[in-house]
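The values are calculated or read from the model by the stated rules, or taken from the named source; none is laboratory data. Computed from a predicted structure; not experimentally measured. Heads up, the Cβs are rebuilt from the backbone with ideal geometry, glycines too, and the neighbour counts pull from every protein chain shown. To get the accessible areas, we keep the full protein, side chains included, count just its heavy atoms, and leave off ligands, DNA and RNA. Shrake-Rupley method; radii C 1.70, N 1.55, O 1.52, S 1.80 Å.
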Amino acid sequence: MAAPLATRGLGWVRRRFVEPDRPLVAIEVRASSVGVLRVRREKRRRVVGAAAVMELPPGTLSLSLTQPNIVDGPRFRQAVHGALERAGILGGAKVALVLPDTAARVALVPAVDVPTRKAGEIEELLRFRLRKSIPFEVREARLAYATGGESAADTIVVATAFGPVVAQYEEACRALGLEPGLVEIAGLALARAAFSSPASGDGLLVNWDEGYVTIVLARNGWPILLRTLSGASVASPGDVVREVSSTLIYYRERLGGAGVTTAFVRSAALPPDEAVDALAPVVGFAPAVLDAWTTLGGAPFEVSQALAGAAASLGAPA
């Protein structure tokens, strides 16, 4: 059986670890860059120690759910090594690996379809349930799931990734003396940060990055819809705005939505203020730029959006 996509859980729920065992370093991979975030312990909290982002030469990565993502391994490893050096990481480390949302398929499965509480049985039922909806053999899938909504009607959040795609990133890390202790996609890490506080009502998160956009709608802090779109459908800001608008129409007409009361955007594809201005007319108000750095004491401004997923991953409660 394939190893879990995330060894400490995924997105909403994470297994509790003793604090010294939690990664203090995260690597975030994006279409055109790779970044490293290092945190340090200060009394009983974590704070930013150092952060660095290295641009990737064109053609280094090709984002895909089913095909190898790392096209030029030496250049990718060189960029990771450079970011590690700039962040002051000169030896091996256990790391959290934050991948683009295009590396996994996320599904929301009704809890009533999985009538068991035994972890092994849940995973097998989920694999059976999703076998026809993922574009690769289910036995080769890395799978992780999250339960824990407040209502019996809540869904199970399930992420599946093609094993060889995840393994390629893990092997690149190990070649540099790093050990991935957690693998997750940016969108779920960011959603955890956006909807971490007890919430009532409906909320929206738009993860707008180079090459893709992920739209998450949550009700009372739990997801009710999640879409990741890539390629020509989100090639321009106008395309992204149209997709957000059509998603909100679907939410109102098919999900009983009365209107979102909170909205966030993470924009690494264009300046955040431009993303806010573009989305405001279809949301109905100006969404807030997601601050994933609050629990880490604040962000280095120049990498606040490029490393937002890494910050969300390292800043989450144990």
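Overview of results
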read-out: Condition check for T214: in contact (Cβ under 8 Å) with a residue 40 or more places away in the chain, surrounded by fewer than 22 Cβ atoms within 10 Å (Cβ to Cβ) and among the β-branched types (V, I, T); value: no
read-out: Only listed residue being open to solvent by 10 Å² or more (accessible area, probe 1.4 Å), in contact with a helix residue (DSSP H, G or I) (Cβ under 7 Å, 6 or more places away or on another chain), without any contact (Cβ under 8 Å) to a residue 60 or more places away in the chain and closer than 16 Å to A193 by Cα, chosen from V241, V289; value: V289
read-out: Subset of the stretch 217-227 [open to solvent by 60 Å² or more (accessible area, probe 1.4 Å) and at pLDDT 95 or above]; value: R227
read-out: Matching residues, the stretch 245-264, being buried (at least 17 other Cβ atoms within 10 Å of the Cβ) and touching a residue at least 40 places away in the same chain (Cβ under 8 Å); value: L248, Y251, G257, V260, T262, A263, F264
read-out: Evaluation of F301 against (1) closer than 23 Å to P23 by Cβ; (2) modelled with pLDDT under 95 (one fails), failing number; value: (1)
read-out: Index of the failed condition, S267 passing every other in (1) open to solvent by 60 Å² or more (accessible area, probe 1.4 Å); (2) among the polar types (S, T, N, Q); (3) at pLDDT 95 or above; value: (1)
read-out: Of all residues making up the stretch 1-45, the number that are at pLDDT 50 or above, part of a loop (DSSP other than H, G, I, E, B) and open to solvent by 10 Å² or more (accessible area, probe 1.4 Å); value: 7
read-out: Residues being in a strand (DSSP E or B) and either over 22 Å from F162 (Cα atoms) or among the charged types (D, E, K, R) (or both) - total across the stretch 46-83; value: 10
read-out: Complete set of residues in the stretch 124-148 that are touching a Phe, Trp or Tyr at 6+ places or on another chain (Cβ under 7 Å) and without any contact (Cβ under 8 Å) to a residue 40 or more places away in the chain; value: L126
